[in-house]
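These notes concern the structure reproduced below.
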Amino acid sequence: MEKGIAIHLAPHVLGHVGPVAITSTLVTSWLTISVLCVGAFLFRSHIALVPSRLQVVLEAIIGSGFEYTKETLESETLAQKYFPVLATQFFFILGANWLGLLPGVTSIGFYQTVHGVKEFAPLLYPVNTDLNVTIALSLIAVATIEVAGILALGAFRYGGKFINFHSPLAFLIGIVELIGEIARLISFSFRLFGNIFAGKTLILVAIFFIPLILPVPIMAFELFVGFIQALVFAILTLLFIKLAVAEPH
């Protein structure tokens, strides 16, 4: 039997707990959350007045992120309210992207029979190659944006950005704005999914054709792409929050 490249768009289902499907991407997301929680606990327990190099680096990253958020929103109060959400988005997506590049991911698993066909089911698989995950992340981001606008302006004033009967032109502009709000969900989810899925596919192809040489620079590039995608997701959420809390014109 000739070997080939197997690329699955749908997530690998490992089993079920009642009606809930346990997929390899779900297991990887649990592992990502566990690593982040343990890392945060260990870092917090080692915070010192005389900081280590790691503490200096992490404090610089978090501090610069908070300052950027404060400057963008032009409010320290708003920054304190939404920076934790933005930071959580960034670190989860970054951790998931980088964890998906580790050796053993996609290759450690077991064989199972699906519809009479024996298939390999990896125990771990890159989280953001699952469209369900990216849509869930997008729903959280869009919900945060809408809640930010409602809290800042009130439900009626914020809704007035989308439903405006002052004139036919104002009504049309409001409808366009509403379509733009809905389009954000698609934009957020498919941008992240497309980039990570394409990167994983490229690595699989490289491993198949030139297994020892070609994958190394590609994986190094994917580390950079994983960081950029996490950063872009968080920054876009921040900029949309900025637009949401702005006074309607």
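So the values come out like this:
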{"item": "Tally of residues being under 18 Å from GLU247 (Cα atoms), at pLDDT 80 or above and either in contact with a His (Cβ under 9 Å, 6 or more places away or on another chain) or surrounded by 16 or more Cβ atoms within 10 Å (Cβ to Cβ) (or both) across segment 163-198", "result": "0"}
{"item": "Number of the condition not met by LEU102 [criteria: (1) farther than 16 Å from LEU223 by Cβ; (2) at pLDDT 85 or above; (3) surrounded by fewer than 20 Cβ atoms within 10 Å (Cβ to Cβ); (4) not acidic (Asp, Glu)]", "result": "(1)"}
{"item": "Residue list for segment 151-162, restricted to those being loosely packed, with under 14 Cβ neighbours inside 10 Å, without any contact (Cβ under 8 Å) to a residue 60 or more places away in the chain and not aliphatic (A, V, I, L, M)", "result": "GLY154, PHE156"}
{"item": "Residue match in segment 10-17 (condition: modelled with pLDDT under 85, loosely packed, with under 10 Cβ neighbours inside 10 Å and within 21 Å of ALA96 (Cβ to Cβ))", "result": "yes"}
{"item": "Out of ALA121, ALA148, ALA141, sole residue that is buried (at least 17 other Cβ atoms within 10 Å of the Cβ), touching a helix residue (DSSP H, G or I) at 6+ places or on another chain (Cβ under 9 Å), assigned to a strand (DSSP E or B) and of a type in the set (A, V, I, L, M, F, W, C)", "result": "ALA121"}
{"item": "Test: residue in segment 39-58 that is part of a strand (DSSP E or B), small (Gly, Ala, Ser) and surrounded by 10 or more Cβ atoms within 10 Å (Cβ to Cβ)", "result": "no"}
{"item": "Pairs, first within 15 Å of ALA148 (Cβ to Cβ) in segment 225-245, second of a type in the set (Lys, Arg), C-beta under 8 Å, six or more apart", "result": "PHE240/ARG184"}
{"item": "Segment 26-42 residues that are under 18 Å from GLY100 (Cα atoms), paired with ones that are β-branched (Val, Ile, Thr) and at pLDDT 95 or above (beta carbon under 7 Å, 6 or more apart)", "result": "none"}
{"item": "Hits in segment 52-81 (condition: touching a Phe, Trp or Tyr at 6+ places or on another chain (Cβ under 8 Å) and of a type in the set (Val, Ile, Thr))", "result": "THR69"}
{"item": "Boolean, PHE162 is in a loop (DSSP other than H, G, I, E, B) and not hydroxyl-bearing (Ser, Thr, Tyr)", "result": "yes"}
{"item": "Condition met for LEU26 (surrounded by 13 or more Cβ atoms within 10 Å (Cβ to Cβ), out of contact with any Ser or Thr (no Cβ under 8 Å at 6 or more places or on another chain) and over 21 Å from ALA234 (Cα atoms))", "result": "yes"}
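The values are calculated or read from the model by the stated rules, or taken from the named source; none is laboratory data. The structure presented is a predicted model; accordingly, all values stated were derived computationally and were not measured. So basically every Cβ, Gly included, is an ideal-geometry build from the backbone, and we count neighbours across all protein chains shown.
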